[in-house]
């Protein structure tokens, strides 16, 4: 049996859509919905639904606070392991699944036992004919998604793709992949880049990963990522670049890491200039990023909050 993991934070409407699609999905699995310290009425809304959907057992796990994406998933996985699942399927709560998605992952895994981490093809929810992600590959100091914005009909003839990067949006694996403490992700990062660090770790351990292209889910990318606030967008890019640099420092040799820092300056300064509208401010942000990449080991909740909303963070 497979444990399907969802994390909810103030997003009951999306979680309901996902759960209803899972209720129609085939295969033997149970669902763990971990509410990550929601501040709205999510628990009250989700509780009766979790009881009323009968095709697959659903456990509602109420966490005492928001542990972030990685922390919430880790706690949900540890809870799920009490039921001894044979495999684990992480899903973003703002996804909707095809009814055959899990069966096709399981079928592939049984025929190709050397692959221990899998991803379905993740298409856009609002244009289901287009691919959002079908995994990707690690490149020097970063990662690149495969077939972003390509028509699904152009790739579906490929039975599977070898990948070295897997998105945390939809990640299938076996319990042997878990770390010694039972966690799946590092909790160095409150939000973002945990899947990049996970992929680096899998590469070091020589774990084979694949995207199974006939297994499909749909991701509401626009609803989860759209934001026109400049402070939010500068902070989001800064957080992603910093998280990637922290991971690079931990997983690359020092000389490689120093080269990655140089390449990051060349690629990121244009983003900061475009978002801030000031070359002086962009250079100032870049200097801070380079300094932080040498001394910081994590991006916790408080810093995440400041990056998202504090207009004076970079002053």
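Every number in this text was worked out from the coordinates using simple rules, so none of it is lab data. Keep in mind the model is a prediction, meaning the values are calculated, not measured. Reconstructed Cβ throughout: ideal geometry from the backbone, glycine too, with neighbour counts over all protein chains shown.
Annotations for the structure displayed:
- Result for the chain in a Gaussian network model with C-alpha springs under 10 Å: among 68, 135, 11, the largest mean-square fluctuation is at 11.
- Helix axis angle, 42-52 relative to the chain longest principal axis, alpha carbon, degrees: 20 degrees
- The mean sequence distance of close C-alpha pairs (under 8 Å, at least 6 residues apart), as a share of the length of the chain, puts its relative contact order at 18 percent.
- Using the Cβ-Cβ distance between residue 179 and residue 263 with R0 set to 35 Å, the FRET efficiency works out to roughly 0.75.
- Hull-based mean projected area of the stretch 230-309, where the convex hull spans the alpha carbons, in square nanometres: 4.8 nm²
- R0 of 30 Å, Cβ-Cβ distance residue 206-residue 64: FRET efficiency to nearest 0.05: 0.20
- Ordering 234, 155 from the fewest to the most neighbouring beta carbons within 10 Å gives 155, 234.
- Gaussian network model of the chain, Cα within-10 Å springs - most flexible of 73, 157, 36: 157
- Zero-based 5 Å bins, Cα pair distances in the stretch 247-294, whole percents: 5, 23, 27, 21, 13, 9, 3, 0
- Crossing angle, helix 279-295 versus the chain [Cα axis fit, 0-90 degrees, rounded to tens]: 70 degrees
- Shape of the stretch 10-90, Cα gyration tensor, a/c cut at 1.5: oblate
- Cα-based Rg of the stretch 165-315 normalised by 2.2 N^0.38 Å, two decimals: 1.14
- The chain: most fluctuating residue of 219, 56, 253 per GNM, C-alpha cutoff 10 Å: 253
- Förster-model FRET efficiency, 22 Å R0, residue 274 and residue 144, C-beta, rounded to 0.05: 0.60
- Per-residue ellipticity at 222 nm computed for the chain from its helices equals -13500 deg cm²/dmol, with DSSP H segments shorter than 4 residues left out and the rest contributing -39,500 (n - 2.57).
- Label-point separation in nm, residue 47 to residue 111, each point 7 Å along Cα→Cβ: 4.5 nm
- Antiparallel DSSP beta bridges within the chain, as percent of all bridges there, nearest 5: 45 percent
- Given their separation in residues at 0.36 nm each and the Cα-Cα distance between them, residue 256 and residue 292 gain 11.2 nm when the chain is fully extended.
- Extension gain from residue 283 to residue 129, taking 0.36 nm per residue of separation minus the Cα-Cα distance: 51.4 nm
- Segment residue 137-residue 24, extension gain: residue separation times 0.36 nm, minus the distance between their alpha carbons: 37.5 nm
- For the pair the stretch 139-210 / the stretch 275-315, the C-alpha centres are spaced 27 Å from each other.
- Relative exposure of 259, 200, judged by other C-beta atoms within 10 Å (fewest first): 259, 200
- Taking other C-beta atoms within 10 angstrom as a stand-in for reagent exposure, 64, 94, 154, 195 fall in the order 64, 154, 195, 94, fewest first.
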